[in-house]
Amino acid sequence: MKRRTLTHFALSTLAASCLLPAWAAEPLPVVASFSILGDLVKVVGGDRVQVTTLVGPNEDAHAFEPKPADAKAILAAKLFVINGLNFEPWAPKLAQSANYKGLTLMATQGIQPRSMPPEPGHTHGHAETDPHAWQDPSNVITYVKNIAKSLSDADPSGASSYQKNSDFYIKKLMILDQFAKDQLAMIPVAKRQVITSHDAFGYFAARYQIKFLAPQGINEDTEPSAKEVAQLIRQIKRDKIKAVFVENMSNSKLLAQITRDTGVTLGPKLYVDALSGPNEPGSSYLLMMRHNVTQLVAGMKLN
């Protein structure tokens, strides 16, 4: 009787183990520098990763000041994912101060960066590197491939899962790109002019043939001169530009002044350097881009 009980227990245990997931190890700890990268890593990593995002939704990575808890998170990670292109210059210093020995991925590796004119007030006179490469969905395909490779390097047993997830997401990125092209095809090229609060749409502009005008450069702390603002106001009036937008993290005072002087109305906010919170329209990269395209098209139709 005792032997039968033990046999029954062993068989029950074996049957229960067969019902467990094929992979039940601890999730791979990954740190992403800011919210958009965090979203991409979660998509590619799926249940195999545990992602900590340092700069969260509606937060500015340019102005981020790391805390001791951030260094602790990096020290515990197996992979640290950053954008690069000088978007988060604090990231390498933070990793060094944390004595981080794991893998670091610059997600823009392999992407041809854009150059921008020098910011107003800079004395060096050289062009700036535009770090906002994610504004072109075709670039995000490279981001996703890079993330999948680095996750596979850190967790070889999950390589097939990461590859499957990235392939599926790349198809969604291609659909997003075509959606943007189809929507913008309704707007004559001559009407594709937009005013935004700072110059972060360069890759988007190049991909979809849009002219973005901004009173600020990449660094939102740089105030344009009165002469530059006056020139922008004259152009808005001359070209009858009605598409005027502010980003989710920008100070809208300057654009408010411009809209008062020109009579145009600010459109809904766009999401550029960060995702929105969960109850807003830019809570993931795909949702953010679709929202931006939809609002930009609606604004340009008024030009």
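The values are calculated or read from the model by the stated rules, or taken from the named source; none is laboratory data. Note that this is a predicted model, so its numbers are computed, not measured. Quick reminder, even Gly has a Cβ in these numbers, built from the backbone with ideal geometry, and neighbours come from all protein chains shown.
Observations, loosely collected:
- Residue match in region 219-235 (condition: at pLDDT 80 or above, touching a Lys or Arg at 6+ places or on another chain (Cβ under 9 Å) and not assigned by TED's automatic domain parsing to the domain that holds Val140): no
- Residue count for region 90-119 satisfying the condition of being over 22 Å from the mean Cα position of the chain (by Cα), under 15 Å from Ala73 (Cβ atoms) and surrounded by 13 or more Cβ atoms within 10 Å (Cβ to Cβ): 4.
- Condition met for Asp136 (of a type outside the set (Val, Ile, Thr) and farther than 22 Å from Glu59 by Cβ): yes
- Tallying residues that are closer than 19 Å to Leu286 by Cα and touching a residue at least 40 places away in the same chain (Cβ under 8 Å) within region 132-172 yields 19.
- The lone exception for Pro120 - which of (1) under 30 Å from Ala226 (Cα atoms); (2) modelled with pLDDT of 95 or more it fails: (2)
- Residue within region 187-198 that is at pLDDT 90 or above, within 19 Å of His291 (Cβ to Cβ) and part of a loop (DSSP other than H, G, I, E, B) present: yes
- Among all residues of region 268-289, there is none that is buried (at least 20 other Cβ atoms within 10 Å of the Cβ), modelled with pLDDT under 80 and not in a helix (DSSP H, G or I).
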